[in-house]
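Quick notes on the structure that follows.
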Amino acid sequence: MDTDVLTPHRPAVPAGDDPLWWRSAVIYQVYVRSFADGNGDGTGDLAGVRARLSYLKDLGVDAIWFNPWYPSPLADGGYDVEDYRDIHPQFGTLAEAEQLIEEALALGIRTIIDVVPNHISDQHPWFQAALAAGPGSPERERFWFHPGTGESGDGMPTDWVSSFQGDTWTRTTNADGTPGEWYLHLFTPEQPDLNWNHPDVRREHEDILRFWFDRGVAGVRIDSAALPVKDPALPPLGDGDHGPGDHPHLDRDELHDIYRAWRKVADEYEGTRVLVGEVWLDDAERFARYLRPDEMHTAFNFDFMTQPWSAAALRGSIQRTLAEHEPIGAPATWVLSNHDVTRPVTRYGRADSAFAFARKRFGTPTDLARGTRRARAAALLSAALPGSLYIYQGDELGLPEAELPREVIQDPMHFRSGGVDPGRDGCRVPLPWSGVRPPYGFGAADGVDTWLPQPADWAPLTAAAQSADPDSMLSLYREALRLRCDLDDLRGESLAWLELGADVLAFRRGDRTLSITNLGAVPVPLPAHRAVLLSSAAIEDAAGCGILPPDSTVWLTL
Ligand code: GLC
């Protein structure tokens with residue numbers, strides 16, 4: 001009998017595999033709903049991704065990170081998971097996901113999936129059972145159910161603050177119709193927080209990891225990784241001033257045990273299965289703890305992602321990043337954006353080009369030509385740095401943040417801000433692939449609307465239009481990733497700064513590759529070099545040496 005038929009194991013390691021692949025990998029983030037639509041219903045799906053794998057191969061990526069693709073009511077774009085062992089019916093089937101993982105691997109592209117340990121969907125069978133079983137039941141112990149304060153119990157059990165704004169507790173109704181206990185949700189009420197002190201919660205997540213590693217998945221991105229553990233005493237947040245590890249629900253020391261257990265699971269598998277943390281923490285030393293050798297492999301570099309377009313700010317962030325990673329031997333990651341933040345082309349064109357959730361507003365002016373120049377320069381800057389590189393779908397096309405009309409917005413961040421924050425849908429608009437009008441080859445059938453509308457002026461931004469243009473953002477990304485893969489200097493881990501002025505970021509990688517970014521307002525003469533490898537803007541020639549214009553990056557061979 002052919003035993004392969006009985007096991008879900010898939011070929012897990014591409015030919016010529018490198019166990020350290022993750023240290024310098026280029027990882028492309030696919031937001032499935034908006035990548036490509038294979039069945040014409042206006043929502044992206046796995047069939048759409050499978051049909052575009054060759055695009056990702058040509059782009060030069062080593063892995064794809066998929067945002068949550070599981071069955072979900074999509075109250076928070078899929079970060080409200082109803083069933084971890086299946087695929088959202090709008091996206092396809094489990095069998096298709098297995099095929100996709102295998103087909104990608106055949107092209108040398110690994111698959112990373114999203115796991116969301118802090119919470120699940122309120123429609124998940126565990127939460128439904130907890131509601132049905134009532135106060136004091138074992139089913140409720142997997143969550144944070146608690147009586148309210150005050151005589152009638154109508155006060156919230158804590159004063160904790162949601163990163164989505166609004167309340168963090170919702171009151172339930174008892175079977176007899178009377179007001180009942182409250183339950184904790186650091187995000188929306190549709191995302192009840194799990195109780196990580198409960199053994200079921202731990203066991204279940206380790207099983208979920210095995211379920212997907214068995215199917216050839218090469219890693220997991222861990223959502224909100226510093227949030228899952230809560231202080232069981234539910235102390236007040238008060239003035240928010242807490243010592244390291246002493247916050248009631250952020251960065252608690254007990255988390256490390258969980259990720260050590262996950263690392264053990266990952267290490268049971270051949271090939272390196274990686275853990276990538278979404279860890280938002282200001283304290284560099286606390287951040288680095290998640291990357292100790294028996295915990296996560298890497299974590300997103302949000303410090304770098306949120307910096308303004310300023311040489312001092314970016315240099316400071318790069319130096320901090322390298323210094324905090326070096327002692328633990330973990331590689332840095334470089335991230336310009338993701339599905340939660342403003343697209344770089346828009347952000348870098350603004351007067352205030354730093355990113356902060358709290359400052360997002362409708363109609364913030366931007367200069368897209370300037371933003372695009374800077375985003376091109378930032379693409380080369382980040383691709384020249386040592387470590388792994390994340391590219392959010394559509395950034396390689398230079399898509400701006402779409403200004404969506406209020407009536408189409410679906411993101412709960414928008415609603416929970418009372419309509420003040422436009423939310424995150426502006427960076428989640430379906431990708432333009434070809435053609436001159438919506439749906440730009442996305443795949444929606446005639447007469448079917450895409451789940452978010454695409455702007456009318458995206459014709460020049462389609463992948464097809466840009467493929468033919470050597471000066472396009474797409475061509476720049478392709479060439480940058482090709483060089484990053486071909487040049488030993490760029491694959492290595494060494495970096496040495498060069499001083500070329502306060503507004504210039506210049507560093508040597510390896511023996512003879514130089515990256516120079518001009519963030520100032522005046523052109524900068526290039527140092528002596530043998531050849532220009534790639535530049536984000538045309539290099540003018542003056543007196544025999546090249547001149548690097550403002551807002552641009554060049555890679556040189558010495
Ligand atoms: C993470 C995700 C974000 C989601 C939140 C709650 O920050 O990136 O999209 O809304 O977690 O799961």
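Taking a 1.4 Å probe, which of Cys485, Cys545, Cys427 shows the most accessible area, and what order do the others take after it?
Values: Cys485 80, Cys545 40, Cys427 0 Å².
Output order, biggest surface exposure first: Cys485, Cys545, Cys427.
Rounded, prolate or oblate, given the Cα gyration tensor of segment 125-184, with a/c below 1.5 counting as rounded?
oblate
Add +1 for every Lys or Arg and -1 for every Asp or Glu among the other residues with Cβ under 12 Å from the Cβ of Pro470, and state the total.
Summing Lys/Arg as +1 and Asp/Glu as -1 gives -2.
For the pair Ala351 and Asp457, what calculated FRET efficiency results from E = 1/(1 + (r/R0)^6), where r is the Cβ-Cβ distance and R0 = 30 Å, to the nearest 0.05?
About 0.85, to the nearest 0.05.
Would you mind counting up the charge near Leu20? Only other residues with Cβ under 12 Å from its Cβ, with Lys and Arg at +1 and Asp and Glu at -1.
Residues near Leu20 contribute -2 overall.
Tell me which residues come under 5 Å, amide H to amide H, from Ser552 once H is placed; ignore anything under 5 positions away on its chain.
Those qualifying (amide H under 5 Å, at least 5 residues apart or on another chain) are Asn518.
How large is ³J(HN,Hα), in whole Hz, for each residue of segment 98-104 in order, when computed from phi with the Karplus curve 6.51 cos²θ - 1.76 cosθ + 1.60 and θ = phi - 60°, using x for Gly and Pro?
4, 5, 4, 4, 6, 5, 5
Ignoring ligands, DNA and RNA, how do Thr43, Thr149 rank by accessible area with a 1.4 Å probe, largest first?
Thr149, Thr43
Return the distance in nm (one decimal) between the two label points of a simple spin-label model at Phe211 and Asp257, each offset 7 Å from Cα along Cα→Cβ.
2.5 nm
Gain in length, Leu558 to Ala464, computed as 0.36 nm per residue apart minus the alpha-carbon separation, to one decimal in nm?
Using 0.36 nm per residue and subtracting the Cα-Cα distance, I get 30.4 nm.
Please list the equivalent ellipsoid semi-axes of segment 494-557, computed as the square roots of five times the alpha-carbon gyration tensor eigenvalues, in descending order and whole angstrom.
Whole-Å semi-axes of the equivalent ellipsoid: 17, 14, 10.
Give a residue-ordered list of calculated ³J(HN,Hα) values for segment 279-287 (Karplus: 6.51 cos²θ - 1.76 cosθ + 1.60, θ = phi - 60°; whole Hz; x for Gly, Pro).
Calculated HN-Hα couplings, in order: 10, 9, 9, 7, 7, 4, 5, 5, 4 Hz.
Out of Trp334, Met296, Ala369, whose Cα points farthest toward the positive end of the dipole of the chain (charges: +1 Lys, Arg; -1 Asp, Glu; placed on Cβ)?
Ala369
³J(HN,Hα) across segment 325-330 via Karplus (A = 6.51, B = -1.76, C = 1.60, θ = phi - 60°), whole Hz, x for Gly/Pro?
7, 4, x, 9, x, 8
Note the full-extension length gain between Asp241 and Ala542 as 0.36 nm times their separation in residues minus their Cα-Cα distance, in nm to one decimal. Walk me through the intermediate numbers first.
Numbers: separation 301, 0.36 × 301 = 108.36 nm, distance 5.56 nm.
Between Asp241 and Ala542, full extension yields an extra 102.8 nm.
With runs of 4+ DSSP H residues as the only contributors, calculate the mean residue ellipticity of the chain at 222 nm using -39,500 (n - 2.57) per run, divided by the residue total and rounded to the nearest 500.
Calculated mean residue ellipticity at 222 nm is -7000 deg cm²/dmol.
Could you work out the relative contact order of the chain? I mean the mean sequence separation of Cα pairs under 8 Å and 6+ apart, divided by the number of residues, in percent.
That works out to 13 percent.
Name the residue from Leu558, Met413, Gly148 whose Cα lies farthest towards the positive end of the charge dipole of the chain, charges +1 on Cβ of Lys and Arg and -1 on Cβ of Asp and Glu.
After comparing all options, I get Leu558.
Quick one: if you stick a label point 7 Å off each Cα along the C-beta vector at Asp471 and Ser310, how many nm between them?
3.2 nm
Using R₀ = 51 Å, calculate the FRET efficiency as 1/(1 + (r/R₀)^6) where r is the Cβ-Cβ separation of Glu141 and Val420; round to 0.05. All intermediate terms of the calculation are to be shown ahead of the outcome.
On the way: r = 37 Å, r/R0 = 0.73.
Rounded to the nearest 0.05, the efficiency is 0.85.
Ignoring ligands and nucleic acids, what accessible area does Lys57 show with a 1.4 Å probe (Å², nearest 10)?
100 Å²
Give me the compactness ratio for the chain, meaning the Cα radius of gyration over 2.2 N^0.38 Å.
Working: Rg = 23.8 Å, N = 558, 2.2 N^0.38 = 24.3 Å.
Its radius of gyration relative to the 2.2 N^0.38 Å reference: 0.98.
Please give the length that would be gained between Cys485 and Asp282 if that part of the chain were fully extended, namely 0.36 nm times their separation in residues minus their C-alpha to C-alpha distance (nm, one decimal).
69.9 nm
Can you give me the solvent accessible area of Glu324 with a 1.4 Å probe, rounded to the nearest 10 Å²?
Rounded to the nearest 10, the figure is 40 Å².
Report the label-to-label distance for Asp200 and Leu20 in nanometres (one decimal), using points 7 Å from each Cα along the Cα→Cβ vector.
4.4 nm
Can you return the lysines within cross-link range of Lys264? Criterion is Cα-Cα under 28 Å, with same-chain partners fewer than 8 residues away left out.
Straight-distance partners of Lys264: Lys230.
In a shell of Cβ-Cβ distance under 14 Å around Asp282, excluding Asp282 itself, what net charge do Lys and Arg (+1) and Asp and Glu (-1) give?
Summing Lys/Arg as +1 and Asp/Glu as -1 gives -3.
Rounding to the nearest 20 debye, state how big the charge dipole of the chain is about its Cα centre with +1 on each Lys and Arg Cβ and -1 on each Asp and Glu Cβ. Kindly include the intermediate steps, with their values, before the conclusion.
Numbers: 50 positive and 83 negative charges, 342 e Å.
It comes to approximately 1640 debye.
Using amide H atoms built 1.01 Å from N in the peptide plane, name the residues 5+ places from His185, or on other chains, whose amide H lies under 5 Å from its own.
Trp169, Thr170, Asp193
The values are calculated or read from the model by the stated rules, or taken from the named source; none is laboratory data. This structure is a prediction, so every number in the text was calculated from the model and none was measured. Positions of Cβ are backbone-derived with ideal geometry, glycine not excepted, and every protein chain shown enters the neighbour counts. These accessible areas exclude ligands, DNA and RNA; they are computed on the full protein's heavy atoms, side chains included. Shrake-Rupley method; radii C 1.70, N 1.55, O 1.52, S 1.80 Å.
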